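What follows is one structure encoded as structure tokens, with my remarks underneath.
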Amino acid sequence: MKTSIMASERYSPADVEQKWQSRWDEAKLFEAKSEPDPDAPTYYVLEMFPYPSGRIHMGHVRNYAMGDVIARYKRAKGFEVLHPMGWDAFGMPAENAAMQNKTHPKGWTYDNIAAMRAQLKSLGLSLDWSREFATCDVDYYAQQQALFLDFLEAGLVTRKNAKVNWDPVDMTVLANEQVIDGKGWRSGAEVEQRELTQWFFKISDYSEELLDALDGLDEWPARVKLMQANWIGKSRGLQMTFELTEPYGELTGLEIYTTRPDTLAGASFMAVAPEHPLAVALAADNPALAQFVVDVRKSGTSAEELETAEKQGFETGIHVKHPLYESETLPVYVANFVLMDYGTGAIFACPAHDQRDLDFARKYGLPVIDTFFAMDDHTPVENEAFVPPKTETVDWVNQPAGIEKATGEEAIEATIDWAEKKGLGEAKTQFRLRDWGVSRQRYWGCPIPVVHCEKCGVVPEKKENLPVQLPDDVTFDIPGNPLDRHPTWRDCTCPSCGGPAKRETDTMDTFVDSSWYFARFADPTAETPTNVKAVNRWLPVDQYIGGIEHAILHLLYSRFFARAMQKTGHLAVAEPFKGLFTQGMVVHETYKAADGSWVMPSELTISGEGANRRAVLKSDGSPVEIGGIEKMSKSKRNTVDPDEIIATYGADTARWFVLSDSPPDRDVIWTDAGVQGAHRFVQRLWRLVHRVAEGADREGQDNGSLALRKITHKTLSNVDTMIPALRNNAAVAQIYTLVNALEKGVDDNSVSSAAMREGITITLQMIAPMMPHLAEECWVALGCEGMVGDTPWPDFDPDLLA
RNA sequence: GCCCCCCUGGCGGAAUUGGUAGACGCGCGGGAUUCAAAAUCCCGUUCCUUAGGGAGUGCCGGUUCGAUUCCGGCGGGGGGCACCA
């Protein structure tokens, strides 16, 4: 059957794209085989799975288009490819929607998934939909509960008290970023600091390993590794005890931690955290101190508040001996700027060399000792502390270890040695990384599978009793966790003594759900968390792609989880993601109407250019201010709906545009002109293919054939290195150059039909990962065999590269 | 405050290891086609210029036969962490 299409006819994506999506489906082209050829190399490409908010946005289009290029390319290269999709489906938005719209989180979530699945399918992604799951599927969270129990048994989970932000109206714990100006972001209620017993994963046991193993991740962006290293925050210092001048009860000394023992000679006072055992003990007998502790606690823990919070202290009347000068003593304060959960919760303060200590010293009239550097231009410390440089050599005076000329680092090491020899303290490595608190006082999450028994205490649920399933009959008409007030759900039998008991009503942080989903994709129906054989065949993920905003939490938690799963026998590898790529955002200009409201791009007309660009409302022609280029967001109304773009130009144009303009790790600016340019190329290629097809039997003069073949193979060689490096913008530019040459060859009839056909065929194979529908349709128009999506990647001829 | 990254035409950006700066696209200018438009095609497009050239990758300096690329300083923009002692 031959369809005759005139070269003047325009390519119509609407007619074509769905057809090819169905054909790929029918051929099960993208399903990873369950019994694969053991000799075939495997490749696991994964994009961070979406939260089912309701509709996809351009960021999704970019993310999934990038992954799809790799997946289709590797497939053509002969790899057995796993490219799955799922849904990060638990979380607060579903509950907020339930409260606002009187829906049920479950219905809301699954409706959203259905809508977004259809949208994703319209993009023509080479996804293995047979492996799809949502983290709120009972089958998934049941296995997550099994994992939790295994972790608990392996000593990777602990239960302890933690200070949290408590919203007394919504009756829930809030994350720091949900506290705005000391008030709950939803309720507006004054947030309280509460101490609650919470479940924690002991990620801090792995601080050293998570840090060291970063070195081995050579396919990760250096930036992400650095951010994780900073977050883990390893520091070396001295832990030492300052002797009290007279014992307080049992206590004879105050243990502190410092990373700058070299500044010991400048010590002027001591400070302990309000939660420090010494402070607590003193407060018991001292109402003024007790009141001080309460006052200090009232202030929030958010970043902004801490930044502006003034240093506050309470003089305890207790003193310690100065370790260097027998005759001197140092007063001990309780201070709001000392953190209980870092180091020992107590510090020695050296105001001359630490800004915080200086601020405190000036406020409370404490001495500032700045005489122990023989700096040439030594100026006395006033209101700015002098921080001794770590890597520059300076002259020291009165240095405890007797140092005279050394860098800060050398001085620190020498002082630690000195202190160890004198028996004052010992070298100690501290990490900033804290244990991961996973308890959430929420309904729409994975129930923590433990039981509270009056007789036995906290008891893990038995595995055979899993899953602990969320009840469907809950209401959201009053604040708080519906699980807490459910009439019967909490009632259960103690797995230990068989007596009556109550279920834990906290659910897990949704970051837990996303910390192992990549392993579940290897066999999403396994009756254990992972099918060990399958998971070890596919993992680690060869190429993981997602936003930089997950550089720390999600990626670090997943790295911890892989280790925990390794320890509990669910996984063989410690690092889940071999290659990582963090893509930039899709950004767009913003527009503001005269009344200050944001205006959507589709509501206005733009004319002129440069300084003369003007925007007016389509409705009434009133002027609109053109604002900055920002991340697409609903609040700024600068979004472009993928559905509309697909309806107007087709999925291929949208994909081509987000892949072409900007380097993949940078932001791409969405512009109408850019999309039209991308679409212009779609039509150009379509016309070119037909001109070649129609001229197939016409012999060219052939004097341009060799030159064209050289360009063809050079382009192929370049694209072949650019696609695996995700340098799609560069690959696109290469393809443009080739297409320009092909058009020229057709125009001046200077190329043999064989060389022309080779050029156009290779072009189609190169664009197939990016614009798969167009490539298939052109493939047919040229009369090529089978589907281009099922055709091996072409080899370039090295002889033609010179 | 600490840590890190970036800076190339009107715009997004190319330039494999230090070797022809500005590929490719967008925009813009001119032209062709058209009754006209859309669509399409062709030519031009870093700046200055006395038309022979000259300058040029944020600025100043250095290394080098040669620097967008390496080193030092300054300026501008962006990001991460943050009372972490």
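The values are calculated or read from the model by the stated rules, or taken from the named source; none is laboratory data. Since the model is a prediction, treat every value here as computed from it, not as a measurement. Neighbour counts are summed over all protein chains in view; Cβ atoms, including those assigned to glycine, are modelled from backbone coordinates with ideal geometry. These accessible areas exclude ligands, DNA and RNA; they are computed on the full protein's heavy atoms, side chains included. Shrake-Rupley method; radii C 1.70, N 1.55, O 1.52, S 1.80 Å.
On the given criteria, is A:K102 more than 30 Å from A:R655 (Cα to Cα) and surrounded by fewer than 19 Cβ atoms within 10 Å (Cβ to Cβ)? Judged against the criteria, A:K102 is a match. Summed over the range A:464-491, the residues that are outside any loop (DSSP other than H, G, I, E, B) and farther than 21 Å from A:T197 by Cα give a count of 2.
To keep it simple, each residue is scored yes or no on (1) touching a residue at least 24 places away in the same chain (Cβ under 8 Å); (2) closer than 30 Å to A:H104 by Cβ; (3) surrounded by 18 or more Cβ atoms within 10 Å (Cβ to Cβ).
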{"site": "A:E420", "(1), (2), (3)": "no, no, no"}
{"site": "A:T429", "(1), (2), (3)": "yes, no, no"}
{"site": "A:L433", "(1), (2), (3)": "yes, no, yes"}
{"site": "A:C453", "(1), (2), (3)": "yes, no, yes"}
{"site": "A:Q469", "(1), (2), (3)": "yes, yes, no"}
{"site": "A:F476", "(1), (2), (3)": "yes, yes, yes"}
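Residues in the range A:317-342 that are within 12 Å of RNA strand B (Cβ to nearest atom) and either at pLDDT 95 or above or open to solvent by 30 Å² or more (accessible area, probe 1.4 Å) (or both): 6 in all.
For the range A:211-229, the criterion of a residue being at pLDDT 90 or above and touching a Cys at 6+ places or on another chain (Cβ under 9 Å) is satisfied by no position.
Table: residues versus (1) assigned to a loop (DSSP other than H, G, I, E, B); (2) of a type outside the set (G, A, S); (3) away from RNA strand B (no atom under 11 Å from the Cβ); (4) without any contact (Cβ under 8 Å) to a residue 60 or more places away in the chain.
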| residue | (1), (2), (3), (4) |
| --- | --- |
| A:D652 | no, yes, yes, no |
| A:R655 | no, yes, yes, no |
| A:S662 | yes, no, no, no |
| A:V719 | no, yes, yes, yes |
| A:P724 | yes, yes, yes, no |
| A:A741 | no, no, no, yes |
| A:N749 | yes, yes, yes, yes |
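A:K533 fulfils the conditions (1) at pLDDT 95 or above; (2) open to solvent by 10 Å² or more (accessible area, probe 1.4 Å) except for a single criterion, (1).
Among the numbered conditions (1) open to solvent by less than 10 Å² (accessible area, probe 1.4 Å); (2) part of a strand (DSSP E or B), the only one that A:I70 does not meet is (2).
Can you work out which of the residues in the range A:636-650 that are under 30 Å from A:S597 (Cα atoms) and assigned to a loop (DSSP other than H, G, I, E, B) is least open to solvent (accessible area, probe 1.4 Å)? It comes out as A:N638.
Of all residues in the range A:664-675, exactly one satisfies the criterion of being part of a loop (DSSP other than H, G, I, E, B) and closer than 15 Å to A:Y64 by Cβ, namely A:P664. Residues of the range A:55-92 that are aromatic (F, W, Y) and closer than 16 Å to A:D128 by Cα: A:Y64, A:Y73, A:F79, A:W87.
Within the range A:357-368, the set of residues being within 11 Å of RNA strand B (Cβ to nearest atom) and more than 13 Å from A:T263 (Cβ to Cβ) comprises A:D359, A:F360. Of the set (1) open to solvent by less than 70 Å² (accessible area, probe 1.4 Å); (2) at pLDDT 90 or above; (3) not polar (S, T, N, Q), all apply to A:V293 but (2). Residues that are over 38 Å from the mean Cα position of the chain (by Cα) and among the aliphatic types (A, V, I, L, M) are absent from the range A:425-447. What about A:G86, is it within 21 Å of A:Y544 (Cβ to Cβ), crowded, with 18+ Cβ neighbours inside 10 Å and at pLDDT below 95? So A:G86 does not fit the description; no. From the list A:A65, A:A98, A:A89, A:A94, the lone residue that is within 21 Å of A:P479 (Cβ to Cβ) and within 23 Å of the chain's Cα centre (by Cα) is A:A94.
Restricting attention to the range A:420-439, and to residues there that are modelled with pLDDT under 90 and not in a loop (DSSP other than H, G, I, E, B), which single residue is farthest from A:E208 (Cα to Cα)? Among those that are modelled with pLDDT under 90 and not in a loop (DSSP other than H, G, I, E, B), it is A:K422.
If you go through the range A:212-243 and keep only what is in a strand (DSSP E or B), open to solvent by 10 Å² or more (accessible area, probe 1.4 Å) and more than 11 Å from RNA strand B (Cβ to nearest atom), you end up with A:E219, A:T241, A:E243.
Residues checked against (1) in a loop (DSSP other than H, G, I, E, B); (2) open to solvent by less than 30 Å² (accessible area, probe 1.4 Å):
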| site | (1), (2) |
| --- | --- |
| A:E17 | no, yes |
| A:S22 | no, no |
| A:K28 | yes, no |
| A:S34 | yes, no |
| A:A40 | yes, yes |
| A:Y44 | no, yes |
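The one condition from (1) open to solvent by 50 Å² or more (accessible area, probe 1.4 Å); (2) more than 15 Å from RNA strand B (Cβ to nearest atom) that A:I669 does not meet is (2).
Residue-by-condition table, conditions (1) away from RNA strand B (no atom under 14 Å from the Cβ); (2) under 29 Å from A:D218 (Cα atoms); (3) open to solvent by less than 50 Å² (accessible area, probe 1.4 Å):
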| position | (1), (2), (3) |
| --- | --- |
| A:W686 | no, no, yes |
| A:S705 | yes, no, yes |
| A:R709 | yes, no, no |
| A:A731 | no, yes, yes |
| A:T763 | no, no, yes |
| A:M771 | yes, no, yes |
| A:E776 | yes, no, yes |
| A:P794 | yes, yes, yes |
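The set of residues in the range A:478-497 that are out of contact with any helix residue (DSSP H, G or I) (no Cβ under 8 Å at 6 or more places or on another chain) and either open to solvent by less than 50 Å² (accessible area, probe 1.4 Å) or closer than 18 Å to A:V157 by Cα (or both) comprises A:G480, A:N481, A:P482, A:L483, A:H486, A:C492, A:C494.
Scanning the range A:741-758 for residues that are crowded, with 17+ Cβ neighbours inside 10 Å, under 50 Å from the mean Cα position of the chain (by Cα) and of a type outside the set (K, R) yields A:A741, A:L742, A:G745, A:V746, A:A755, A:M756, A:E758. Among the residues making up the range A:162-189, those that are acidic (D, E) and modelled with pLDDT of 75 or more are A:D167, A:D170. Considering only residues that are touching a residue at least 40 places away in the same chain (Cβ under 8 Å), of a type in the set (S, T, N, Q) and closer than 18 Å to A:D513 by Cα, which ones fall in the range A:544-586? Hits for the range A:544-586 are A:S558, A:T568. Among the residues of the range A:154-165, the ones that are over 17 Å from A:F560 (Cβ atoms) and open to solvent by 30 Å² or more (accessible area, probe 1.4 Å) come to 4 in all.
Please go through the range A:448-463 and give me each residue that is within 32 Å of the chain's Cα centre (by Cα) and part of a strand (DSSP E or B), ordered by number.
Answer for the range A:448-463, where residues must be within 32 Å of the chain's Cα centre (by Cα) and part of a strand (DSSP E or B): A:V450, A:P460.
Exactly one residue among A:A414, A:A401, A:A361 is of a type outside the set (S, T, Y), in contact with a Ser or Thr (Cβ under 8 Å, 6 or more places away or on another chain), part of a helix (DSSP H, G or I) and more than 30 Å from A:S558 (Cα to Cα), and that residue is A:A361.
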